[in-house]
Each structure stands twice: as structure tokens, then as C-alpha cells.
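Read the structure below first, then the notes.
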Amino acid sequence: MAYESVTVEIKDHVAQVTLIGPGKGNAMGPAFWAELPDVFATLDADPEVRAIVLTGSGKNFSYGLDLPAMGGTLAPVLAEGAQAGPRMDFHGTILRMQRATNAVADCRTPTIAAIQGWCIGGGVDLISSVDVRYAAADAKFSIREVKLAIVADMGSLARLPLIISDGHLRELALTGKDIDAARAEKIGLVNEVFDDAEACLAAAHATAAEIAANPPLTVVGVKDVLDQQRIDRVSASLRYVATWNAAFLASKDLTEGISAIFAKRKPEFTGE
């Protein structure tokens, strides 16, 4: 299986999916959103794969959305006087992009994330879709979208309420602050923290091996029963935020947020 955004290795019933970009810091560009549904559908259909480890290449898990590569996605809806046509097209784009994280969340095969370095925005959307999350001590997390004048729409706001408490989620989502691995473990965002990336990945593979050693049909059943409790709630939330962003995402603040990122300066938001 050859992909532009990930590599896939399979050994002893465990697949490792490694984010490789091609954007800096494994940023999520067009290839990521297009390829991930196929990656996880293919692995899920393979009876030899009983668990999946998801990690990032290099020093970071993912910087999140690749703004330079994905800027064209926002351009039509940001155009002066954009009306129903561009907004409907953008609504469809959001739903298509959501399929990437949905493919991970809906995978019948158990998934474990090994997170090192930065895990920002779309990276948090992605790890909120897996079953188990481990972090290296250097991991840092941020639901950064609010600082760009974006409502996170790829899964964090839909899935994290089932993972961490409401107060912790609101603090992260409304401030866009960074938290370290110790804080992430304390609030339940990650299961456990390890000394470094190597130890974290090894722990993820150890858990994957434990799962793979169990009767595969029973594992699928356990995961299916657990997933059933969240499907309707998450689906409704994702549909709602897609509609909300198609209607309200375009703003002067969004243009300012993106411009500030490229200019490496502090944004000045006006509420317009």
C-alpha cells in the first residue's frame, strides 16, 4: 500500500500507520484527507490485521491542518459576497474531510495512538478518534482552531466530550491553550505518559499485541458494543458543525487569523 500522507507496515497481526505529511510536522494536506478513509478501510478489511498503531514521523505527531496546502479550500467561501453555491460546496467539503477521522473512529479494528511532540488542531481531532492514547513526555496538545477564528469541525468537539470532562474540554476549546503530556494524562486525554517517543511507541505496540492475541471476533464485538453508545451523538454533532461552519465560518477574523499565521504576528480580532 503506497500513500503520500502515511506509511503502512504490518507485522504479527499489528499494523502501524505513520503520518508523514508531506507538510511540515506531518501537517494534514489534501492527500491526508483523501487517503485516510482508504487506509483504514483497507486495514479493517484485512483479517490478518487485529490492531492498529497510529503515530507520526519525526519529532511531532502532527501540526494539524496544512494551511498553505489547504488554503484554496477556504477561498470560495471567503470571497466577498459568497452566497449559497460556494457555501453549499464548502459544506460538502467539510463532510468529505470528516470522513478521514470518521474512518478511524468507525474502524472495527482497535486503534492505539502513540503521540510525540506537537499534536495540534487536526492532530487532536485524529487522536480523539482512536480507542487508546499514549503520549511521550515531550507531547504537547492544543485545540488551536479558535485562535484562527475557526470552530473545530473534524471531530474534537464531537468526540472529546466522551473522553474528558466538560469543563476541561471547554477550557481547551475556548482558549486554544497548549497543554503538556502530564496535564493531558491528568485530565484523561491520554491513558499514560512514557519517557520518550521510543518508549511510547513500544507501549502502543505492546498493547496492540495484547489485543491481537485475544479472539478477534470477540474483540470486534466489544468494540462494536462500546462504539454503539456514541454513534448517534457524534454523528449529529459532526453534521451540525458542518452546517454551522458553512454558514458562519467566513469572517474578517478568519482572514486576519490566517494572515497572522503566515506573517508570524499576533492577530487582531474585531468580531467581524
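The values are calculated or read from the model by the stated rules, or taken from the named source; none is laboratory data. Worth saying up front: this structure is predicted, and the values here are computed from it rather than measured. FYI the Cβ positions are ideal-geometry reconstructions off the backbone, even for glycines, and counts take in every protein chain you see. Ligands, DNA and RNA are stripped out before the accessible areas are found, and what is left, the full protein with its side chains, is counted by its heavy atoms. Shrake-Rupley method; radii C 1.70, N 1.55, O 1.52, S 1.80 Å.
For residue 173, indicate whether it is modelled with pLDDT of 95 or more, surrounded by 14 or more Cβ atoms within 10 Å (Cβ to Cβ) and farther than 28 Å from residue 109 by Cα.
For residue 173, the condition - modelled with pLDDT of 95 or more, surrounded by 14 or more Cβ atoms within 10 Å (Cβ to Cβ) and farther than 28 Å from residue 109 by Cα - is met.
Among residues belonging to region 1-49 that are at pLDDT 95 or above, among the aliphatic types (A, V, I, L, M) and in a loop (DSSP other than H, G, I, E, B), point out the one that is nearest to the chain's Cα centre (by Cα).
Here the residue is 27.
Conditions (1) in contact with an Asp or Glu (Cβ under 9 Å, 6 or more places away or on another chain); (2) farther than 18 Å from residue 239 by Cα; (3) assigned to a loop (DSSP other than H, G, I, E, B); (4) modelled with pLDDT of 90 or more, marked per residue:
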| site | (1), (2), (3), (4) |
| --- | --- |
| 58 | no, yes, yes, yes |
| 69 | no, yes, no, yes |
| 73 | no, yes, no, no |
| 81 | no, yes, yes, no |
| 88 | no, no, no, yes |
| 91 | no, no, no, yes |
| 98 | yes, no, no, yes |
| 102 | no, no, no, yes |
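List the residue pairs whose Cβ atoms are under 8 Å apart, where the first residue sits in region 9-21 and is without any contact (Cβ under 8 Å) to a residue 24 or more places away in the chain, the second is open to solvent by 20 Å² or more (accessible area, probe 1.4 Å) and in a strand (DSSP E or B), and the two are 6 or more positions apart or on different chains.
9/16
Considering (1) within 25 Å of residue 264 (Cβ to Cβ); (2) aliphatic (A, V, I, L, M); (3) touching a strand residue (DSSP E or B) at 6+ places or on another chain (Cβ under 7 Å); (4) open to solvent by 10 Å² or more (accessible area, probe 1.4 Å), say which one residue 146 fails and leave the rest.
(3)
May I ask you to list the residues in region 66-91 that are among the hydrophobic types (A, V, I, L, M, F, W, C) and either surrounded by 17 or more Cβ atoms within 10 Å (Cβ to Cβ) or within 11 Å of residue 247 (Cα to Cα) (or both)?
Scanning region 66-91 gives 67, 69, 70, 74, 77, 78, 82, 84, 88, 90.
Scan region 40-52 residue by residue and report those that are out of contact with any Cys (no Cβ under 8 Å at 6 or more places or on another chain) and surrounded by 24 or more Cβ atoms within 10 Å (Cβ to Cβ).
51
Of everything in region 104-131 that's among the small types (Gly, Ala, Ser) and in a helix (DSSP H, G or I), which residue is farthest from residue 143 (Cα to Cα)?
105
Would you confirm whether any residue within region 177-188 is over 17 Å from the mean Cα position of the chain (by Cα), among the acidic types (Asp, Glu) and modelled with pLDDT of 95 or more?
yes
In this structure, does residue 132 turn out to be in contact with a Pro (Cβ under 8 Å, 6 or more places away or on another chain), under 22 Å from residue 103 (Cα atoms) and surrounded by fewer than 24 Cβ atoms within 10 Å (Cβ to Cβ)?
Yes.
Could you check region 41-74 and list, in sequence order, the residues that are over 30 Å from residue 203 (Cβ atoms) and touching a residue at least 12 places away in the same chain (Cβ under 8 Å)?
67, 68, 69, 70, 71, 73, 74
What pairs come out if I take residues in region 75-88 that are without any contact (Cβ under 8 Å) to a residue 12 or more places away in the chain and pair them with residues that are open to solvent by less than 60 Å² (accessible area, probe 1.4 Å) and β-branched (Val, Ile, Thr) whose C-beta lies under 8 Å away, six or more apart or interchain?
From residues that are without any contact (Cβ under 8 Å) to a residue 12 or more places away in the chain, the pairs are 86/77.
Quick one: residue 220 ticks every box in (1) without any contact (Cβ under 8 Å) to a residue 60 or more places away in the chain; (2) surrounded by 13 or more Cβ atoms within 10 Å (Cβ to Cβ); (3) closer than 28 Å to residue 113 by Cα except a single one, so which number is it?
Condition (1) is where residue 220 drops out.
For region 134-157, give me each residue that is part of a strand (DSSP E or B) and either within 12 Å of the chain's Cα centre (by Cα) or modelled with pLDDT under 95 (or both).
141, 142
Please go through region 158-170 and give me each residue that is open to solvent by 60 Å² or more (accessible area, probe 1.4 Å) and aliphatic (A, V, I, L, M), ordered by number.
Within region 158-170, just 162 meets the criteria.
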